[in-house]
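Participant: What follows is a structure written as structure tokens; I'll ask about it next.
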Amino acid sequence: MSTHAPDSPVILPLGLTALIVRFGLKAGPDLTAAVKAFVADLERDPIAGVTEIACSLTTVMVSFDGGSSVRDKTTKALQERLSRRHWTSVASPDPMRRWTIPVAFGEAFGPDLTKAARAACLSEKDAITDLCSQDVDVLTLGFAPGQAYLGFLKDHWNIPRMEAINPSVPAGALILAIRQLIVFTNENPTGWHHVGQSGFLPFSLERAEPILLRAGDALRFTPVPPAEMTSILADNPDGLGQAKLEVLR
């Protein structure tokens, strides 16, 4: 039986050549900060034999090259690394880059804004102001190539997914649920609230750099009128949607 507290890191097997370091079961700012800090530590001071590091909202996957002896050595190295700090009390590192992305909110470009704002106990105007008033960090990439889960929003945005599935949300859509945002890379169904539309395509094979977002990036959204977004979408050869990138460090 495990003796770990619910918020203590646990090392678990993943197939024959990987381990999972699980910092907790429920995503939140503290666990995400721990994941980011632990990944940064592993990248700064690599463990011998480790071939790949990848993270989710609450876990870090560590792949290694070798058999059971390498697994044992990697497990011991991870245990030693985990013992150095209380990772869930570590502050999230400052962003390395910031994207500023134009978004049209509400009506045809964000048909679920009214419902989402009501769930957060805000007017539509205040909801837009609130969503554009803070940076959101790239928490992890998943679901589709280059698609980032972004957060965390303020507590009042801890709203559930919708009861029904929206059968089609366009690429560049800004969607929201459970204190997180996503900019869709492709047209897809979703159970999250479609609150806005951008011309920003996080993934495109037509570009020299297909995946735009990286761990360590922050995003800030700026509201634009529907007519301006129509123009952006009509002339968007690079899939950036007039987004601007600022290198912070």
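Participant: With all protein chains present and a 1.4 Å probe, how do Thr129, Thr114, Thr59 order by accessible area, largest first?
Facilitator: Thr129, Thr114, Thr59
Participant: Also, quick follow-up: Which links in Lys26/Lys125; Lys26/Lys115; Lys36/Lys154; Lys36/Lys125; Lys26/Lys244 stretch past 29 Å when you go from one Cα to the other? Show your work: numbers first, answer last.
Facilitator: Numbers: Lys26/Lys125 31 Å; Lys26/Lys115 25 Å; Lys36/Lys154 20 Å; Lys36/Lys125 33 Å; Lys26/Lys244 33 Å.
Cα-Cα > 29 Å for Lys26/Lys125; Lys36/Lys125; Lys26/Lys244; rest within.
Participant: Name the residues whose placed amide hydrogens come within less than 5 Å of the amide hydrogen of Gln180, ignoring near sequence neighbours (fewer than 5 apart) on the same chain.
Facilitator: Under 5 Å from the amide H of Gln180: Leu153.
Participant: Can you pull the percent of the chain's accessible area that's carbon plus sulfur, 1.4 Å probe, other chains left in place?
Facilitator: Carbon and sulfur atoms account for 56 percent of the accessible area of the chain.
Participant: Given a cut-off of under 8 Å on Cα pairs at least six residues apart, what relative contact order in percent is computed for the chain?
Facilitator: 20
Participant: Taking every Cα atom in the chain, find the radius of gyration and the maximum pairwise distance Dmax, and write them in Å.
Facilitator: 19.6, 62
Participant: Can you tell me the length gained on complete extension of the stretch Asp45 to Gln79, counting 0.36 nm per residue apart and subtracting the Cα distance?
Facilitator: 10.8 nm
Participant: Applying the Karplus parametrisation 6.51 cos²θ - 1.76 cosθ + 1.60 with θ = phi - 60° to the phi angles of the stretch 36-49, what ³J(HN,Hα) value in whole Hz is obtained for each residue in order, glycine and proline being reported as x?
Facilitator: Calculated HN-Hα couplings, in order: 4, 5, 5, 4, 4, 5, 5, 6, 6, 10, x, 8, 4, x Hz.
Participant: Between Lys244 and Ser231, what length comes free when the chain is fully extended (0.36 nm per residue of separation minus the Cα-Cα distance, one decimal in nm)?
Facilitator: Here the answer is 3.0 nm.
Participant: I've got another one for you. Calculate how many DSSP beta bridges within the chain are antiparallel, expressed in % of all such bridges and rounded to the nearest 5.
Facilitator: 85
Participant: Also: Using 20 Å as the cut-off for backbone N distance, which residues of the stretch 181-198 belong to the label zone defined by a point 7 Å from the Cα of Glu163 along Cα→Cβ?
Facilitator: 190-195
Participant: What are the GluC sites (Glu not before Pro) within the stretch 109-197 that DSSP puts in a loop, where the Cβ has at most 12 other Cβ atoms within 10 Å?
Facilitator: Glu163, Glu187
Participant: Same structure, new question: How do 90-102, 43-55 rank on mean C-beta neighbours within 10 Å, highest first? Each step should come with its number before you reach the end.
Facilitator: Details: 90-102: 16.3, 43-55: 13.4.
Those peptides, ordered most packed to least, come out 90-102, 43-55.
Participant: While we're on this one: Would you mind getting me the FRET efficiency between Ser68 and Ala91? Use the beta-carbon distance for r and R0 = 41 Å, nearest 0.05.
Facilitator: Efficiency for this residue pair is about 0.65.
Participant: Using θ = phi - 60° and the Karplus curve 6.51 cos²θ - 1.76 cosθ + 1.60, what whole-Hz ³J(HN,Hα) does each residue of the stretch 60-77 get, with Gly and Pro shown as x?
Facilitator: Couplings: 10, 8, 10, 9, 9, 10, x, x, 5, 5, 5, 4, 4, 5, 5, 4, 5, 5 Hz.
Participant: Percent of Cα-Cα pairs more than 23 Å apart in the stretch 64-169, please.
Facilitator: Across the stretch 64-169, Cα pairs with separations above 23 Å total 52 percent.
Participant: Report the extension gain between Cys121 and Leu25 in nm, rounded to one decimal, defined as 0.36 nm multiplied by the number of residues separating them, less their alpha carbon distance. Numbers along the way, then the final one.
Facilitator: Values: separation 96, 0.36 × 96 = 34.56 nm, distance 2.78 nm.
Length gained, Cys121 through Leu25: 31.8 nm.
Participant: Hey, what's the chain come to in accessible area per residue, 1.4 Å probe, Å²?
Facilitator: Computed with neighbouring chains in place, this is 51 Å² per residue.
The values are calculated or read from the model by the stated rules, or taken from the named source; none is laboratory data. If you're wondering where the values come from, they're calculated on a predicted model, not measured in any experiment. Because the Cβ atoms are built from the backbone with ideal geometry, glycine has one as well, and the counts that use them run over all protein chains shown. The accessibility values were calculated without ligands, DNA or RNA, using every heavy atom of the protein model including side chains. Shrake-Rupley method; radii C 1.70, N 1.55, O 1.52, S 1.80 Å.
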